[in-house]
Each structure stands twice: as structure tokens, then as C-alpha cells.
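What follows is a set of notes on a single structure, which appears directly below.
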Amino acid sequence: MTNRFDIGNLRNDNPSRPLPVGDGAAIVMLALFILFVISVPKFDLAGVIAFAAFPLLFATAAGIPLLPLLKRLVVVSPFILFMAAGNLALDRSAAVTIAGLAITGGAVSASVIVLKTVVTLVALLSLMAIMPFHRFGMALRSLRVPEPFVTQLLLVWRYSFLLAEEAEMMQKARDLRSFGGRGKGVLVTARLIGSLFIGTTARAERIYMAMSARGFIAALDSRPAMPLKPGDVAAIAGAAALFALVRHLF
């Protein structure tokens, strides 16, 4: 089955090529980057722009095409704009005047919120583009994340594609049976969603019984987790120092 939703398809070459640092170190560096971006004050537009250079340089160096990244950002753009829209109404005081045009503090803070979200999402998507999800799970194990959480996360990722296919088939069946817009109301959609989740629960029970019958205990991968190496720790410290320097300068 072709995985149409795999973020790894963003790359032109093999998405399983190893990173210069360990996968666990890459996740820690991503978490540090997100924390530093979030810590930028709400009116510091220059600080967010400075941090935007990191994911752009990473995507360029890794050969990740930017157009698919932008398409995924467009999908979530309504949620991003909805989060930032409240600032426009809450803060109407003039913050900056450019060429006689007064820009309110709400517009500046809303722009910072949008940029923060875009920068962090681009960083996350860029990392996932070169790190397949099974490697992501192994990296979490190397960071001593509890095994039940890692297993649950991998199972949710694996079977989310089946859920998407089931939803697509139900939508197609509804469209074939709907005429003149009838049968596409909110109540019908709610019933379809309920049926989808009931069928998903039943399938999950069958999958679990089948896995238990084949000896599944608690982990999908029996290989031992690889701890962080001294080079990975040094890379994390260097990244933290660089992020702190950019945060201090801007």
C-alpha cells in the first residue's frame, strides 16, 4: 500500500539517510529550538525572523523541496490565523508608524504568533522529512521515553492511514447516495463519524487479539535503545548555546 501521507516523500532521495547527529539528539535539538522560539516576546518580530533562518538552512542543506512544506502549511493556515485573529481586536493601540500608517500592537503580536507557528512547523516537518517514523520511535526510546507510550504512538501512526482510507470510502459512498445536496447535513455527518469510530474500535480489538495470539507483549521493536553518545551531547550543547546567542542578540 502506498503511503500517500508520509512526510518522508518530501525528499527527492532516500529519506532514511542518517543525520549528522543521532536521532535522539536531533529530537532534543528540535525541542530546544521550539522552546527558544516560543520564548520570543510577542512584539519581537525581528527575533522570530532570526530564528526562521535555522529551518530554512536545514531544509536547504537536506535537499527538502519547500513547495510541499508550503502546501502543508496552507492546510493548517486557517487554525493559525484563527489563533492570531483575537490579538487584532484585543490590542488596538498604535505600536509603530510607517509612512504615516499606524500599525497596532495587535497586528504586530498577531504577526509574531503566525511566524512562530510557521517557523516551528517548518522545523518539525523538515526533521520528519528525513527521519522515518520508526526511527522517530527508536529515538524516543533512546531518550528513555516509556515503552508503552512509544508503542502506542507507533501503532497510532501506522493505523491512522487505515482510518483515513475508511473515512475516504465512507465519504465517497455518501457522495454517491446524495442528490441535490441532500444527505450532506450536519446530522448525517455526525452519524457517519460515529459509525467510523465504532468500526475503528472494533477493528482495534481484532488487531490487538491477533497481535496477542502471535506473541506480542509490549514492544514493537526488540532491539535495545541506543543511548546518547558524547558527540550527541556536545551537539546539543552547541545548539543550545547558538539558540541562546540568537535569542540574546535579537
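The values are calculated or read from the model by the stated rules, or taken from the named source; none is laboratory data. Everything numeric here is computed off the predicted structure, so don't read it as measured data. Neighbour counts are summed over all protein chains in view; Cβ atoms, including those assigned to glycine, are modelled from backbone coordinates with ideal geometry. All accessible areas refer to the heavy atoms of the entire protein, side chains included, with ligands and DNA or RNA removed. Shrake-Rupley method; radii C 1.70, N 1.55, O 1.52, S 1.80 Å.
Here are the numbers for the structure shown:
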item: Single condition A123 does not satisfy, out of (1) at pLDDT 85 or above; (2) open to solvent by 80 Å² or more (accessible area, probe 1.4 Å); result: (2)
item: Some residue of the range 186-197 being out of contact with any strand residue (DSSP E or B) (no Cβ under 7 Å at 6 or more places or on another chain), of a type in the set (V, I, T), modelled with pLDDT of 80 or more and under 27 Å from P132 (Cα atoms); result: no
item: Among (1) closer than 30 Å to G24 by Cβ; (2) open to solvent by 80 Å² or more (accessible area, probe 1.4 Å), the one test that L143 misses; result: (2)
item: Which numbered condition I64 misses (of (1) crowded, with 17+ Cβ neighbours inside 10 Å; (2) in a helix (DSSP H, G or I)); result: (2)
item: Number of the condition not met by I38 [criteria: (1) open to solvent by 50 Å² or more (accessible area, probe 1.4 Å); (2) over 30 Å from P230 (Cβ atoms); (3) modelled with pLDDT of 80 or more]; result: (2)
item: Candidate set: the range 30-46, residues that are small (G, A, S) and not in a loop (DSSP other than H, G, I, E, B); chosen: the one farthest from F136 (Cα to Cα); result: A46
item: Condition check for R214: among the basic types (K, R) and either open to solvent by less than 40 Å² (accessible area, probe 1.4 Å) or at pLDDT 80 or above (or both); result: yes
item: Test result for A89, closer than 20 Å to F243 by Cβ and part of a helix (DSSP H, G or I); result: no
item: Which numbered condition E168 misses (of (1) in contact with a helix residue (DSSP H, G or I) (Cβ under 8 Å, 6 or more places away or on another chain); (2) farther than 30 Å from L19 by Cα); result: (1)
item: Matching residues in the range 1-35 - criterion: being under 13 Å from F133 (Cα atoms), modelled with pLDDT under 50 and either touching a Ser or Thr at 6+ places or on another chain (Cβ under 9 Å) or open to solvent by less than 30 Å² (accessible area, probe 1.4 Å) (or both); result: F5, I7, G8
